[in-house]
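Report on one structure; see the data block that follows.
The values are calculated or read from the model by the stated rules, or taken from the named source; none is laboratory data. These numbers come from a predicted model, not from an experiment. No Cβ is skipped: glycine too gets one built from the backbone with ideal geometry, and neighbour counts run over all protein chains shown. Ligands, DNA and RNA are excluded from the accessible area calculation, which covers all protein heavy atoms including side chains. Shrake-Rupley method; radii C 1.70, N 1.55, O 1.52, S 1.80 Å.
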Amino acid sequence: MKRFLSCVLAISMAGGLVACSGSDSEVKNYTVSYDGIATGDVSSGVSVHDPSILEVDGTYYIYGSHMTAAKSDDLLSWKKVADGYNKTNPVYGQIYDVKEKSFAYSGSKDSIIKTDDGKTHVWAPDVIYNETMGKYVMYYCTTSTFNASNLCFGISDSPEGPFEWQGALIYSGFTNKNIDATDVLDYVDEDYAKKHYIKGGAYNFEDYPNAIDPTVFYDKDGRMWMTYGSWSGGIYLLELDPVTGLVIHPEANEAARVDAYFGKKLLGGGHISIEGPYIMYDAKTDYYYLFVSYGGLTSNGGYQMRVFRSKTVDGDYVDMNDTYPEKSALHQNFGLKLSGNYKLPSIDKAYMATGHNSAFVDSDGKEYIVYHTRFNDGGEGHSPRVHQMLMNEEGWPCELPYQTQGETVSEAGYDKKDVVGRYFMINQGMDISSDIANPIIVYLNKDGSCDGKEVSGKWEMKDGTYYMTITIDGQDYSGVFCQMKDEAGTDVMTFSAVGNNQSVWGVMYDK
C-alpha cells in the first residue's frame, strides 16, 4: 500500500523510522510486541450464554440459555443465581411443575415435537418489568429442532423468580399433521396457513421464523414490543398487550412485510445466519437500534454482533449504507459489525465468537452492550462481558475496546497531547470466519497525520468534545476517544470509530 509521509523520513531503522514534524523526532516502532504490557483476567466468574440484562435498584441481572442467571453490582464480577435444568432451579424451576403445558409442544423428549437430542431445551430468556402488571415478566423459548420452537412467558414478583408459567405465545416448525396443536388457525384460515407456512409437507422455514430468541422492550410512546427469530425466515416484530403480556396479532399487509400471525418481518430470511435480536431505544439520538448476531456460535464459527437503526420502532432498520439483508442475501455485507474475533494487548488469549448480546441505557445515561465470548483456547467455554458504548456524532454506537471497569468519558474531551501517540489498532472487518483481528501499530501524529508500516491517513479531534475522526487508506471512520483501563487495570487511552459498516479500535499505552 502507499504510505503517507508527513515529512521527509531520515533514517531507516530495524522495526521503525525516525520522523521529523508531527512526532517530535521520535523513533517510530511499527513492530507489534506485548513486551512490558501486563496481562489480566477480568472474567466474570460465571457462564451465562446469550445474556439478557435487567437492572433493578442498582443490581444488574443477566439471564441466559440453559436456565442460567447471575447478578452483579458493578457489571464486572457476577454471582450465580441459577444454573441448569433441574426442579430446584430457583429462577426457572417452576416450569417443571406444569411441564405438561410448558413443554407440551416443544422443548423436551415428551413434547409433540420431540427434542432432536432427547434433552430439555429452554433458551434465550429476556426479563422486563411490566409496569402495567406490576410484575417481572420472563419471555423465553422451548425448542426441539432448528425450526420447531414455542415462545412462552412467565411472571414473578421478584427478578430472581420463580417465574410462574403463563402460557404459549408463538409456535413454529409445525406441519399439516400437528398444526392443530398450535394457535395458528385462530389468526389465519387453514388454506392460508397451508399455502404459506407449510411447503412440501414441512414447515416453510426459509420464509417464516423460528420462534426463538425473544426480547421485549418499551418504545418511546410506552407501547410494548417483542422482537424474535433465529436463522430460518429471519427477524420479526410483534406488539404486546401490557395488561396481559400476550401478543397483539396485526392485520396482514403483504406489501409492508406484515404477517397476521408472525408479525412484521424486519431482516433476513432464506436460512442465513441471523439471530439473537435485541432492540434498544436511545432518547438522545432518537433512534431504535436493532442488534443481531451472525455466524455460528462455536468458537470458530465466526459469531459476531451487528447493528441496524431506525427512527420508527417497526423499521425499516438500516445499516450505515442505508441497506439491510433480505432473504438469502450475502449478509456479511449488511449491518455495522461491532465485534467478532479479536486480540488486544493485556488479553492473554483472543476473544472468539463475541455475540448474542443485549444492550441498555443505565440510570446515569451510560450505554452498554452485554454479550458472551469464547476464547482461542481449543474449548467452547464462555463468559459474559459488558462493554460501554458511546455514540459518535452521527448517532452510531462505538463499542469501547475493553470490558467496562467504571470508566467515564470526558464530556469536554481530551488534550491533544494525551491522544497523540502509538496505538495498537484493530479493524473488525466484515467477514464471517474464524479469523482473528490482530492489532497493527498506527501512530496518531500531532500534525493530524497518521501512519503505520503499510497504512497511511489522517485524523482529527473535535475541540471541546470526545469526538474524533480517522481516515485510513481512504476509508473514513467517525468515533470517540475515551480513557479507560485494560484487562490488567492499566490506564490506557483508546479510540473506537466506525465507517462503512466496519469498526476500528485503538489502544495507546504510556509514551
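Among the residues of the stretch 469-511, those identified as open to solvent by less than 10 Å² (accessible area, probe 1.4 Å), out of contact with any Gly (no Cβ under 8 Å at 6 or more places or on another chain) and farther than 30 Å from Asn333 by Cα are Met484, Val492. For the stretch 201-212, the criterion of being farther than 28 Å from Arg306 by Cα, of a type outside the set (Ser, Thr, Tyr) and either touching a residue at least 12 places away in the same chain (Cβ under 8 Å) or open to solvent by less than 10 Å² (accessible area, probe 1.4 Å) (or both) is met by at least one residue.
For the stretch 304-320, how many residues meet the condition of being touching a residue at least 60 places away in the same chain (Cβ under 8 Å), of a type outside the set (D, E, K, R) and part of a strand (DSSP E or B)? So the answer is 3.
For the condition in a loop (DSSP other than H, G, I, E, B), farther than 23 Å from Val386 by Cβ, at pLDDT below 95 and open to solvent by 10 Å² or more (accessible area, probe 1.4 Å), what is the one hit in Lys87, Lys114, Lys109, Lys119? Break it down stepwise before answering.
On the way: Lys114 fails: at pLDDT below 95; Lys109 fails: at pLDDT below 95; Lys119 fails: at pLDDT below 95.
Sole residue among the options that is in a loop (DSSP other than H, G, I, E, B), farther than 23 Å from Val386 by Cβ, at pLDDT below 95 and open to solvent by 10 Å² or more (accessible area, probe 1.4 Å): Lys87.
Filter the strands (runs of 3 or more DSSP E) completely within the stretch 1-70 down to those with at least 3 residues that are at pLDDT below 95. So that I can check it myself, show each step before the final result.
Working: elements: 16-18, 27-29, 52-56, 59-64.
Where strands (runs of 3 or more DSSP E) fall fully within the stretch 1-70 and carry at least 3 residues being at pLDDT below 95, they are 16-18.
So, in the stretch 154-171, of the ones that are under 27 Å from the mean Cα position of the chain (by Cα) and free of Cβ contacts under 8 Å to residues at least 24 places away in the same chain, which residue ends up farthest from Ile62 (Cα to Cα)? The qualifying residue farthest from Ile62 (Cα to Cα) is Ser156. The stretch 321-382 holds strands (runs of 3 or more DSSP E) entirely within its bounds, and those carrying 1 or more residues that are open to solvent by 50 Å² or more (accessible area, probe 1.4 Å) map to 351-361. Checked against the criterion of being closer than 22 Å to Ala412 by Cβ, among the hydroxyl-bearing types (Ser, Thr, Tyr) and buried (at least 21 other Cβ atoms within 10 Å of the Cβ), the candidates Tyr443, Tyr466 yield just one match: Tyr466.
State yes or no: is Asp435 open to solvent by 50 Å² or more (accessible area, probe 1.4 Å), of a type in the set (D, E, K, R) and either under 21 Å from the mean Cα position of the chain (by Cα) or under 16 Å from Met389 (Cα atoms) (or both)?
Numbers: open to solvent by 50 Å² or more (accessible area, probe 1.4 Å): yes; of a type in the set (D, E, K, R): yes; either under 21 Å from the mean Cα position of the chain (by Cα) or under 16 Å from Met389 (Cα atoms) (or both): yes.
Against the criterion (open to solvent by 50 Å² or more (accessible area, probe 1.4 Å), of a type in the set (D, E, K, R) and either under 21 Å from the mean Cα position of the chain (by Cα) or under 16 Å from Met389 (Cα atoms) (or both)), Asp435 qualifies.
For the stretch 128-171, the set of residues classified as assigned to a loop (DSSP other than H, G, I, E, B) and over 17 Å from Val243 (Cβ atoms) consists of Ser144, Thr145, Phe146, Asn147, Ala148, Asp157, Ser158, Pro159, Glu160, Gly161, Pro162, Phe163, listed by residue number. If only residues of the stretch 265-297 that are open to solvent by 30 Å² or more (accessible area, probe 1.4 Å) and in contact with a Ser or Thr (Cβ under 9 Å, 6 or more places away or on another chain) are counted, the one that is farthest from Ser358 (Cα to Cα) is His271. Consider the stretch 172-191 and keep the residues that are assigned to a loop (DSSP other than H, G, I, E, B) and of a type in the set (A, V, I, L, M, F, W, C). The one that is surrounded by the fewest Cβ atoms within 10 Å (Cβ to Cβ) is Val188. Under the condition of being surrounded by 15 or more Cβ atoms within 10 Å (Cβ to Cβ) and either assigned to a loop (DSSP other than H, G, I, E, B) or of a type in the set (Lys, Arg) (or both), the residues counted in the stretch 449-463 number 3.
Just so you know, in the stretch 72-84 the residues that are open to solvent by 10 Å² or more (accessible area, probe 1.4 Å) and in contact (Cβ under 8 Å) with a residue 40 or more places away in the chain include one that is nearest to Pro162 (Cα to Cα), and it is Val81. If you filter the stretch 383-410 down to residues that are of a type in the set (Val, Ile, Thr) and over 18 Å from the mean Cα position of the chain (by Cα), you find that the one that is surrounded by the most Cβ atoms within 10 Å (Cβ to Cβ) is Val409.
Against the condition without any contact (Cβ under 8 Å) to a residue 60 or more places away in the chain, surrounded by fewer than 24 Cβ atoms within 10 Å (Cβ to Cβ) and in contact with an Asp or Glu (Cβ under 8 Å, 6 or more places away or on another chain), how does Pro250 come out, does it pass? So Pro250 passes the test. For the structure I just gave you, tell me whether Ser358 is more than 25 Å from Asp74 (Cβ to Cβ) and either in contact with an Asp or Glu (Cβ under 8 Å, 6 or more places away or on another chain) or modelled with pLDDT of 95 or more (or both). It is false that Ser358 is more than 25 Å from Asp74 (Cβ to Cβ) and either in contact with an Asp or Glu (Cβ under 8 Å, 6 or more places away or on another chain) or modelled with pLDDT of 95 or more (or both).
Could you run through the stretch 419-432 and say how many residues are open to solvent by less than 20 Å² (accessible area, probe 1.4 Å), touching a Lys or Arg at 6+ places or on another chain (Cβ under 9 Å) and not in a loop (DSSP other than H, G, I, E, B)? Summing the residues that are open to solvent by less than 20 Å² (accessible area, probe 1.4 Å), touching a Lys or Arg at 6+ places or on another chain (Cβ under 9 Å) and not in a loop (DSSP other than H, G, I, E, B) in the stretch 419-432 gives 2.
Residues that are open to solvent by less than 20 Å² (accessible area, probe 1.4 Å) and closer than 16 Å to Pro159 by Cβ were ranked within the stretch 90-104; the one that is modelled with the highest pLDDT is Val91.
The set of residues in the stretch 298-312 being over 18 Å from the mean Cα position of the chain (by Cα) and either of a type outside the set (Ser, Thr, Tyr) or buried (at least 22 other Cβ atoms within 10 Å of the Cβ) (or both) consists of Lys311 alone.
If you check Gln403, Gln388 for being in contact (Cβ under 8 Å) with a residue 12 or more places away in the chain and in a loop (DSSP other than H, G, I, E, B), only one passes: Gln403.
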